[in-house]
Amino acid sequence: MRINRLELSDFRNYEKQILFFHEKTNIILGNNGQGKSNLLEAIYMLSMGKSFRTQKDLEMIRFGANFLRVCGSFEKGGRTTETEVMLSGEEKKFRIDGFLGSKNADLLENVYMVVFSPEDMRIVKEDPDKRRRFMDRELFQIKPLYYKDLSRYKKSVLHRNAVLKAEIPNEDMLDVWDENLFKYGSKIIRERRYFIEKLKKISMDIHASVTDGKEFLEVSYAPDIAFAEDSEEQRDIFIGRLRECRASDMARRFTGAGPHRDDMSVFIGGMDVKRFGSQGQQRTAALSLKLAELSIIKEETGEDAIILLDDVLSELDEERRRFLIRSLSKNQVFISAAEMSAEIRESLPAGRVYFVSAGRAEPADFYGENAEDAENLFYKV
Ligand SMILES: Nc1ncnc2c1ncn2[C@@H]1O[C@H](COP(=O)(O)OP(=O)(O)O)[C@@H](O)[C@H]1O
Ligand SMILES: [Mg+2]
């Protein structure tokens with residue numbers, strides 16, 4: 001799938017802008033602080049309904065403005081979809097082909113997108129919350145119900161924590177919230193396990209291929225409460241664990257066990273990469289995981305996701321960079337960089353360059369095969 005048109009109003013340092021994109025490669029160049037990542041962030045908003053950089057939506061409204069709007073025209077299997085995100089101090093709204101929605105879940109089924117940011121290249125060594133986010137973002141896209149279950153689970157944890165914060169926690173209420181935690185939490189565990197089982201196989205192959213068969217990557221799910229295939233058994237394990245933790249939860253006044261404490265372990269040849277891997281190994285493993293994410297989207301939805309590479313090409317050595325570029329040959333790709341050598345540019349599929357300066361993006365050269373034809377076609381859009 002791909003995005004053909006993007007419209008921004010008062011998004012970060014963009015006041016008003018309309019851009020048409022190339023179906024393959026879009027290279028966003030500009031000095032630091034000019035708005036390259038902002039542009040990718042806006043595209044991402046249309047897929048996930050939120051930023052890949054901040055949890056604070058309001059930060060994205062242009063300084064001095066009250067309201068932002070991002071609008072995009074996507075093409076998927078020959079069909080065009082118009083997607084719009086509007087955000088003001090009071091509310092966030094989405095519109096898909098004219099229909100209004102107010103939940104992120106309304107957006108998630110429409111657009112498949114994977115972002116590679118420098119932060120993503122560190123997911124292996126960072127804290128577990130980064131790895132949970134990795135699993136969740138992927139599951140939001142391939143399992144639309146997951147988003148709702150996760151939101152309900154998180155709300156239940158907040159309610160349970162509120163009960164724990166009372167002077168004398170009401171244990172009957174805790175029983176009620178334990179049931180809710182189990183109800184949604186067990187779905188989360190099941191879906192995460194499903195995802196990681198797939199991820200394990202696919203990332204293993206990709207990693208073998210990136211490292212020329214020298215390294216054997218093995219990821220596995222590290223759930224805080226063990227997974228059980230049988231739902232009765234899952235219930236016993238889940239509720240049992242919450243009961244075991246109740247006294248310490250009451251002393252600490254928060255919920256200490258559950259999928260909100262899950263993690264994913266990453267091993268290379270039996271070694272824990274998070275703890276003992278070199279920086280190079282950690283990055284390569286991260287790259288394999290991200291590429292596996294893409295391939296799972298393709299497997300589950302039949303679509304080639306839109307790829308956002310925010311300043312990551314410069315973080316990879318030449319070999320990995322080549323591998324990455326080769327792996328993305330079917331996808332529409334956005335690449336932001338402060339600069340790009342002619343050599344790298346020539347290694348990319350045909351596309352177009354955009355220069356960004358102080359919140360304006362100017363389309364510039366087409367390059368690659370049929371650049372002239374592309375130019376003619378482009379102006380007809
Ligand atoms: N809400 C906002 N309103 C106006 N400008 C913003 C807002 N948020 C960030 N900026 C500006 O955006 C710029 C950073 O843009 P960014 O896309 O991250 O840069 P880069 O081109 O290095 O990727 C900074 O100059 C910052 O001041
Ligand atoms: Mg940037």
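The single residue among GLY30, GLY49 that is small (Gly, Ala, Ser) and away from ligand 2 (no atom under 16 Å from the Cβ) turns out to be GLY49. All conditions in (1) under 19 Å from the mean Cα position of the chain (by Cα); (2) part of a loop (DSSP other than H, G, I, E, B); (3) within 15 Å of ligand 2 (Cβ to nearest atom) hold for LEU39, with the sole exception of (2). On the given criteria, is ARG193 at pLDDT below 95 and surrounded by fewer than 21 Cβ atoms within 10 Å (Cβ to Cβ)? Criteria not met by ARG193. Annotation note: Cβ proximity below 8 Å between a residue of region 279-298 that is over 16 Å from ILE196 (Cα atoms) and a residue that is β-branched (Val, Ile, Thr) and in a helix (DSSP H, G or I) (sequence gap 6+ or interchain) occurs for GLN281/VAL273; GLN282/VAL273; THR284/VAL210.
Can you tell me which residues in region 69-99 are of a type in the set (A, V, I, L, M), in contact with an Asp or Glu (Cβ under 9 Å, 6 or more places away or on another chain) and without any contact (Cβ under 8 Å) to a residue 60 or more places away in the chain? Answer for region 69-99, where residues must be of a type in the set (A, V, I, L, M), in contact with an Asp or Glu (Cβ under 9 Å, 6 or more places away or on another chain) and without any contact (Cβ under 8 Å) to a residue 60 or more places away in the chain: LEU87, ILE96.
Only one entry in LEU100, LEU19, LEU108 is modelled with pLDDT under 95, of a type in the set (A, V, I, L, M, F, W, C), more than 15 Å from ligand 2 (Cβ to nearest atom) and touching a Pro at 6+ places or on another chain (Cβ under 9 Å), namely LEU108. Taking the criterion of being within 20 Å of the chain's Cα centre (by Cα) and among the β-branched types (Val, Ile, Thr), would at least one residue in region 4-23 satisfy it? No, region 4-23 has no match at all.
Yes or no, residue by residue, for (1) surrounded by fewer than 19 Cβ atoms within 10 Å (Cβ to Cβ); (2) among the charged types (D, E, K, R); (3) assigned by TED's automatic domain parsing to the domain that holds LYS274; (4) more than 16 Å from ligand 1 (Cβ to nearest atom):
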site	(1), (2), (3), (4)
ALA285	no, no, yes, yes
PHE334	no, no, no, no
SER357	yes, no, no, no
ARG360	yes, yes, no, no
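Looking at (1) more than 30 Å from SER288 (Cα to Cα); (2) in a loop (DSSP other than H, G, I, E, B), can you tell me which one ALA251 breaks? All conditions are met except number (2). Whenever a residue of region 37-53 is on the phi > 0 side of the Ramachandran plot, its partners that are of a type in the set (Lys, Arg), lying with C-beta atoms within less than 9 angstrom and at least six residues away or across chains, give the pairs GLY49/LYS92; GLY49/LYS103.
The values are calculated or read from the model by the stated rules, or taken from the named source; none is laboratory data. Note that the coordinates shown come from a computational prediction; the quantities given were computed from them, not determined experimentally. Methodologically, a virtual Cβ is constructed for each residue, glycine included, from the backbone with ideal geometry; neighbour enumeration extends over all protein chains shown.
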